[in-house]
Structures are given as structure tokens and as C-alpha cells.
Amino acid sequence: METKKIHTDVLIIGGGTAGCYAAITLGKEKDVKVLIAEKANIKRSGCLAAGVNAINAYITEGRVPQDYVDYCKKDGAGIVREDLLLSMSERLNEVTENMEKLGLVILKDENNKYVTRGNRNIKINGENIKPILADAVKKQENVTVLNHVNITDYIVEKNQIKGAYGFDVNEQVFYEIYAKAVLCSTGGAAGLYRPNNPGFSRHKMWYPPFNTGAGYAMGILAGAEMTTFEMRFIALRCKDTIAPTGTIAQGVPAKQLNAKGEVYETKYGLTTSQRLYGTVTENREGRGPCYLGTKGISSEQEKDLFKAYLNMAPSQTLKWLEAGQGPSQQNVEIEGTEPYIVGGHTASGYWVDNNRETTVHGLYAAGDVAGGCPQKYVTGALAEGEIAAEAILSYLQTHKEVPEEDAVKAKEKQQEYETYLSQKQSLLTIEQAEESMQKIMDEYAGGISTDYQYNESRLKLADEKICNLMEDCKKLSAEDMDDLLRIYEIRERLVVCRVVIAHLLARKETRWHSFAENMDYPDQSEEWLKYVNSRMENGNINIYLRELVTGGMAYEHTDSTR
Amino acid sequence: MSIRIRPDKCVGCKRCIEACPGNLIKLNEQGKAWIKHEKDCWGCTSCLKECKVDAIAFFLGADIGGRGSTLSVTQKGDRNIWKVENPAGEIQTIEVNKKDANKY
């Protein structure tokens, strides 16, 4: 394996929504050298590959940022960081305007004001939002993009970030990258649980299947503190295509109906998890399948839906056209997805301060990897990218020293990669390992097959089985760099699985139906109005409970909390 | 759900390989793009949009209701022209202007 060694001021791992926006922000300081390492290509990588249909986090006229904080707090049943939510909410409109300047099409009324959809959404054409961001990144003279490089581990010494290791996903090249500050923006984790369509269409899922929790895993392995991994995200989606339902539910609008045609959503409540739980319960009690009631919408509305889905989830439009029946003739069947860990929708991720610095000095997190701040969606991820970038700039003012190279550690990591490339194929294949992990999580850690329910006995078995699988995966063999990428994508998901299991075990209540349906403790308890945090220490996942950071408070790291 | 790349049309420009967010498309010995991991396609259609010679089409697997129709897209200026072709060869097109925001 050839070695490439790079020194930079700032390393951004993952050029998705948050990472690209951070790079654009850092582009204003031409003296700062910035490098984005991206495992695919920033033009279409991450959550926005196919596009996005609306801006879902925006402070509409007559509302204030605190309203958005209150909405998120209610939806997360209190387990959110109000300091983080407020600093994000204060920037939502500014980043939206910046995106419009970069070329994003936003619908406006005759008075040149954005047209809103409900209290928090505005209407856009977001099909090309990712190419727009990528083009803006390319214009920054001080930003270099390394596409097709997969980062697997941080370089950390005495809880201080020094850089990261990775490899080229096509060529036999080992990357040793040193940086004064690092921003982790790799996205959340899909593919932990057996998906809705486990066969040919196994990757027809809600969250990008290529977001395999690399950023979480690297942080966990480096001993960073993580928060709220038990608040899993499960999306309510159009059946089979797993396409968004919000466009129909809020846009048309359409109600949730059971097979008898009864509107059931009002029976269970309207938070994100309650809407899902209602659907799961109606199915379990024999009143499924469940639908969004679209039958009877006008042909004009139907045509607009065809276009809207082509701009974000083209498979749904194809499905309607192929069936010869659009949503005006048949209701749209809905189902819950497998659980994901994603800090842009729920509150799972790195435990950060208001600068989005993690508990590792000089390591920042933004977007889906950063915890405590749910309902970020696109604009929240942009806002966090900007906050982190600004904080990094002031951090660099006082941290000018170039990190010292460590040839011994680098050699060890390179040898780890080379071992996979040279060892003989055992009975376990990459494909089998993935299936095995997803089956364990599905059956023992509250997947689709158990209606998302779990108990302590099952979780303990899940952990034991995941640990065994991790051991067996050390014997996986890679024929080429493409295989090596897939081995690391499994390794990182297994690490994340262990932390998810530990968090589900720790929270002894059911705070959010379906997201964390603990059958040993089926009720919500005041006692658990606290964060469940964790750190990996000497190979064990230790749980730390922390008091809530509520309105007016601001959490700051101290030597004792690091 | 996945994509089909027509070797007779592919010119080996590698644009799809470069853009795929899952690193799923590779170049074969004949210099043509092929999808190595066909079950791992997310359906984002980035490759369709990159392809200048209309060699790539997208389809739904039978497990999610696919019955042999394909979806492809060509870009003309600000317009995305989407084309659905059924097994009988009948074609339906939907044009989306990138400058028009979604109504929903």
C-alpha cells in the first residue's frame, strides 16, 4: 500500500450538508488550509443525493426561534439540549437566504416573500441542492476536496485531536492526515437493523444506506462522550418505496386512515413518534394496512405530486405510473421503517458544547452526528456547520502548533488495512456479516419484526451476539479496496450497535413510543427526565446520566466533564 | 430497486462512477460502466443525471412492486425531462423545470 501524508489546518470528514457548509464558511479565511475527506463525491453524497422537497426548519413570519425550540422539546418529550436548539434556530433563516444566493430555488409570493407550508416549512425546488453546495465549495481557494477517501479512525493523543487515518476506496493508498482541528460531519447510521425490503431492494430505505455511522464509531472508539442513542429514529413512509409522507400529509393535506377508513392519528397524538406508534398499533390490532387518504384529490394535485417526488424520491412517481393508478385513484399505503440513529431528526450523537466541540479537544461535530439538537433537517445542519466553522476559526487562534507525526501508530493502522487485504477468506463473508448484524438487531433490539419492542433479556442477548460477530469480523477478507470499504462499513455499524443496545438498556422507561419501546418499563417516568450518555472506556461502554440543560442554561465542557 | 446500464450506449466516460454516493458502479475490462453492487442502489438517480448518452435507466425490483418499467432522465437547460417506459415500449414523459419550486 502506498502512503500519502497530508498536513492541513482543518480536516472536515464527510462532505455532506453540514461539512460543505462548514467548508464554505471557512473559505472566508483564506489563510486557513481546509481539507474535506469524502468517501464518495461531494457532488451527490450524503442525505441530499436525490434532492429534498422542502425546507423543514425555518422561522416563519410572526414566529421566533424560541418557538422552534419549544416544538423540538415537545416532540422529543424533553430530552433535548435547549442551548443547542436555540443557537441553531437563530441561524435557520440566515442560512436559508444564503442558500438562495447560492442558487437554491425558493417559492415566493407576489410580495417577494417565501411561501410557507405550515409553521416551519418553506417550499423549494431542492433537486440540485447538493450540486449547488458542491459548486460553492469548489470556489473556495483554501479548500481542497479529497473525493473517494474513506476515513476510519481519528488520531488522538491525550484527548487531543491530531488528525485521522483512511484509505482510497479504489486505489491501494493509505492516508495519514494531520490537522490542528477536525470537524466530523459524516452523517448518522443506517443499516443497523434489518430493513423493510431485505431482498433485492434492501437499500430502498429512508436514510442513505451509505451513511454507516463512521463518525459515531470513530468518536466512540476514541473515548468521546455520546448522548441519547436510545432515541432511535423510525420514519413513517410510503410503503415499499420508503418515500417521504410529509409532502402528501402536510402538502395535500391528507389524514392517516386505517383499513376501515377511520382517521386514527387523533387517537394517538401528533408527535413524530406518536404518528408512527399509531400506525404500528393499528396494524398489530388487525386494522391495517394504514394509508394516507389521497383518493379523490384533483388531477392537478396528482400531477404536482408526480413532480414533487421526482425532485426527491423518484421511485414513488415510477411506482404510481407503473401501477397505472396515481394517488387520486388509490390511497397511499404507509409503514414504519427500520430504526436509524440520526442526530438531525432525534437527539443521538456526540455530546457537544454550544460551539459544537466534542469532549475531545479540537474535535467538532455538526449535522446528523451531533447530539442533543433534533429536527435539524437541512437548514439546521447548515447552521451547525457554520457554528462549528466559526468556533474552529477562533480555536485556531490559540492552537497554532502543528501536530507531531506518529509513524508507529500510522504503521499499525496501515497494517490493519493490509491484514484484511491479505488474509484468506474464512466462512464468514461481508454479505453474511451484514445480514447477521441486521437480524440480531431486528429480533433482539427492537426492530420491525417485534414492532420495535424489546426488553432487558433480549437486549443482553443482542449485545452478546454483536460482540461475537465483531470478533468473527476480524477474519473478514478483502479482495480489493472496494471490499475493504465494505468491511469498515460493517465494523463501524457494529460499534454503533453496541452503544445503541447499552443506551436502550440504560433508559428504564418508555419515553417515546416505538423509538424506544421498553416492555419491562412501558410507561414514561419523571425520574428519567435526564440524558443517558456513554463513553467507551477500556472496551466497556459506561453509562453516565446527566441533568437536563433547559431554557436559559448553557452547557460548557470543563476539565471534569471532558 | 436498481439501475440498468446499457453497454451499447455507454461511452465509458466514468461520470456515473464518479458521482454514485455508494461507490457501486465500476468500469469493466471493455471500458464500460457496470453496477457491481446492484442490490445496494439507494435509488437517488444521481447516475442518470450524470449520464450524457442516456445509457442508464432506473427500475423498481419486483419485491417493491416493479413490473418491468424503467425511468430515465435527460437534462435540457433548466429542464429535467423524465421518461417512464413500460415493457410494451409505451413512453410517458414528465417535465420538471428546475426553476419551479414544488407546490407541496
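Coordinate-derived values only; no laboratory data. Quick caveat, the model's predicted, so the values are computed rather than measured. Note that each Cβ is placed from the backbone with ideal geometry, even for glycine, and that neighbours are counted across all protein chains shown.
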Using Cβ counts within 10 Å as a stand-in for footprinting exposure, how do B:TRP34, A:TRP206, A:TRP528 rank, fewest first?
B:TRP34, A:TRP528, A:TRP206
Of A:LYS138/B:LYS32; A:LYS138/A:LYS307; A:LYS204/A:LYS439; A:LYS43/A:LYS139; A:LYS204/A:LYS319, those spanning more than 23 Å from alpha-carbon to alpha-carbon
A:LYS138/B:LYS32; A:LYS138/A:LYS307
Length gained, A:GLU94-A:VAL173, 0.36 nm per residue minus C-alpha separation, equals 24.4 nm
Per the helix-only calculation at 222 nm, which mean residue ellipticity applies to chain A, given -39500 (n - 2.57) for every DSSP H run of n ≥ 4 and division by its residues, nearest 500 deg cm²/dmol?
-11000 deg cm²/dmol
Arrange the following residues from fewest to most other Cβ atoms within 10 Å of their Cβ: A:VAL280, A:VAL80.
A:VAL280, A:VAL80
Which shape class applies to region A:409-547: rounded if a/c is under 1.5, otherwise prolate when a/b exceeds b/c and oblate if not, where a ≥ b ≥ c are the square roots of the Cα gyration tensor eigenvalues?
prolate
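Give me the number: length gained by fully extending B:LYS14 to B:ARG67, i.e. 0.36 nm times residue separation minus the C-alpha to C-alpha distance, one decimal in nm.
That pair, B:LYS14 and B:ARG67, stretches by 16.2 nm at full extension.
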Would you give the gap between the C-alpha center of region B:42-104 and the C-alpha center of region A:265-312, rounded to a whole Å?
24
Just rank A:TYR193, A:TYR58, fewest to most, by other beta-carbon atoms within 10 angstrom.
A:TYR58, A:TYR193
Grab the DSSP H runs of chain B that are 4 residues or longer, score each as -39,500 (n - 2.57), total them, divide by all residues and round the 222 nm result to the nearest 500 deg cm²/dmol.
-2000 deg cm²/dmol
Any GluC sites (Glu not before Pro) in region A:465-520 that lie in a DSSP loop and have at most 13 other Cβ atoms within 10 Å would be A:GLU479
In nanometres, what is the gap between the two model label sites at A:ARG284 and A:GLN397, each 7 Å from Cα along Cα-to-Cβ?
5.4
Sequence gap at least 6, Cα distance under 8 Å: using those rules, report the relative contact order of chain A to the nearest whole percent.
20
Considering chain B, which cysteines have no disulfide-compatible partner, defined as another cysteine with its Cβ under 4.7 Å away?
B:CYS10, B:CYS13, B:CYS20, B:CYS41, B:CYS44, B:CYS51
Starting from the Cα of A:LEU529, step 7 Å along the direction of its Cβ; do the same at A:ARG546; then give the gap between the two resulting points in nm.
1.9
A student applying the Cα gyration tensor rule (rounded when a/c is under 1.5; otherwise prolate if a/b is larger than b/c, oblate if not) would label the protein assembly as shown rounded
Straight-line reach from B:LYS76: which aspartates and glutamates fall under 17 Å, measuring Cα to Cα and dropping same-chain residues less than 8 apart?
A:GLU127, B:GLU50, B:ASP54, B:GLU95, B:ASP100
A:LYS411: which lysines have alpha carbons under 23 Å from its alpha carbon, excluding same-chain residues fewer than 8 sequence positions away?
A:LYS4, A:LYS5, A:LYS39, A:LYS158, A:LYS162, A:LYS180, A:LYS424, A:LYS474, A:LYS475
Theoretical gain in end-to-end length, A:ASP109 to A:ASN538 [0.36 nm per residue, Cα-Cα removed]
148.6 nm
Partner chain coverage, peptide A:42-49 - average Cβ within 10 angstrom:
5
I'd like the trypsin sites (Lys or Arg not before Pro) in region A:408-496 restricted to DSSP loop residues with at most 15 other Cβ atoms within 10 Å, sorted by number.
A:LYS424, A:LYS474, A:LYS475
Most mobile listed residue (B:LYS14, B:LYS39, B:LYS83) in chain B, GNM with C-alpha springs under 10 Å:
B:LYS39
Calculated FRET efficiency, A:LYS508 and A:ALA259, Cβ-Cβ r, R0 30 Å, to nearest 0.05?
0.25
About the Cα centre of the protein assembly as shown, how large is the charge dipole given +1 on each Lys and Arg Cβ and -1 on each Asp and Glu Cβ? Please answer in debye to the nearest 20.
1480
Percentage relative contact order, region A:409-547, counting C-alpha pairs under 8 Å, at least six apart
23
For region A:432-501, with only Lys/Arg (+1) and Asp/Glu (-1) charged at the beta-carbon, what is the dipole magnitude about the Cα centre, in debye rounded to 20?
300
Quote the relative contact order of region A:274-374 in percent (integer), defining contacts as alpha-carbon pairs under 8 Å separated by 6+ residues.
24
Restricting to the protein assembly as shown, compute how many DSSP beta bridges are antiparallel as a %, nearest 5.
70
Positive end of the charge dipole of the protein assembly as shown (Lys, Arg +1 and Asp, Glu -1 on Cβ, about the Cα centre): tell me which of A:ALA49, A:VAL500, A:HIS557 has its Cα farthest that way.
A:ALA49
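What FRET efficiency would be calculated for the residue pair B:LYS76, A:ASP31, taking the C-beta separation as r and a Förster radius of 35 Å, to the nearest 0.05?
On the way: r = 42 Å, r/R0 = 1.21.
Rounded to the nearest 0.05, the efficiency is 0.25.
How many Cβ atoms of partner chains, on average, are near each residue of B:34-44 if near means within 10 Å of its Cβ?
6
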